[in-house]
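Read the figures in this text as sums done on the coordinates, not as results from a lab. Only a predicted model underlies this, so the values are computations on that prediction, with no experimental measurement involved.
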Amino acid sequence: MNLSGEASVWSMIGVIVLLATTGDVLIAGAMRQIGDFDVIRSHSGFKGAILAVLRNARFFFGVLCMALSFFSLLFALSWADVSLVAPASAALTFVTNAFAAKWILKENVDGRRWIAAVCVCTGVFFLSR
């Protein structure tokens, strides 16, 4: 693969990771906004819990991002090796989700997760060689 082809593959991996992370953050935010399903179900029933999710715009934008990420993955797999695209996009999504959880969702991301993220980055580095 030439340099421009390799750059294209990594650009597509970047798009996959960006869309997947955005989708994860939006869906997590939507679920926090909606609240505890047990409470909703006790007041409104199972149908009310489903409606609470379906009425949330953030949830739909998250699902849209996840769908676009999936179709970007399919596109990337049509012209690049699955042995690079699938593990690299999954691993880098893990890393970006840790950052997004810490700084966007304000979650407590402990040292073990940061060590895991460094290990994942190291694995992606070796995978790309």
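Our coupling estimate for segment 16-22, obtained by passing each phi through the Karplus curve with A = 6.51, B = -1.76, C = 1.60 and θ = phi - 60°, is 4, 5, 4, 5, 5, 5, 4 Hz, Gly and Pro reported as x.
Computed per residue of the chain from DSSP H runs no shorter than four, each worth -39500 (n - 2.57), the mean residue ellipticity at 222 nm is -29500 deg cm²/dmol. Between LEU68, LEU54, LEU26, the GNM of the chain built on Cα springs shorter than 10 angstrom shows LEU54 fluctuating the most. In a Gaussian network model over the chain where Cα atoms closer than 10 Å are linked, find which of VAL118, VAL39, VAL15 has the largest mean-square fluctuation. Judging by the Gaussian network model, the answer is VAL39. In order along segment 53-65, phi translates into HN-Hα couplings of 6, 5, 8, 8, 5, 4, 4, 5, 5, x, 5, 4, 4 Hz, rounded to whole numbers, per the Karplus curve 6.51 cos²θ - 1.76 cosθ + 1.60 with θ = phi - 60° and x for Gly and Pro. Taking Cα centroids, how far is segment 87-125 from segment 29-63 in Å? Cα centroid of segment 87-125 versus Cα centroid of segment 29-63: 27 Å apart. Rounded, prolate or oblate for segment 57-129? Axes are the square roots of the Cα gyration tensor eigenvalues, ordered a ≥ b ≥ c, and the cut-off for rounded is a/c under 1.5. Oblate shape, in that a/c is at least 1.5 and b/c is the bigger or equal ratio. A simple rule links phi to the HN-Hα coupling: the Karplus curve 6.51 cos²θ - 1.76 cosθ + 1.60 with θ = phi - 60°, which for segment 113-120 gives 5, 5, 5, 4, 5, 5, 4, 5 Hz, with x for Gly and Pro.
Among the listed values (1) 2, 10, 18, 21, 20, 14, 7, 4, 3, 1, 0, 0, 0; (2) 2, 11, 16, 17, 16, 14, 10, 7, 4, 2, 1, 0; (3) 2, 11, 24, 26, 22, 11, 3, 0, 0, the one computed from these coordinates for P(r) over Cα pairs in 5 Å bins from 0, in percent is (2).
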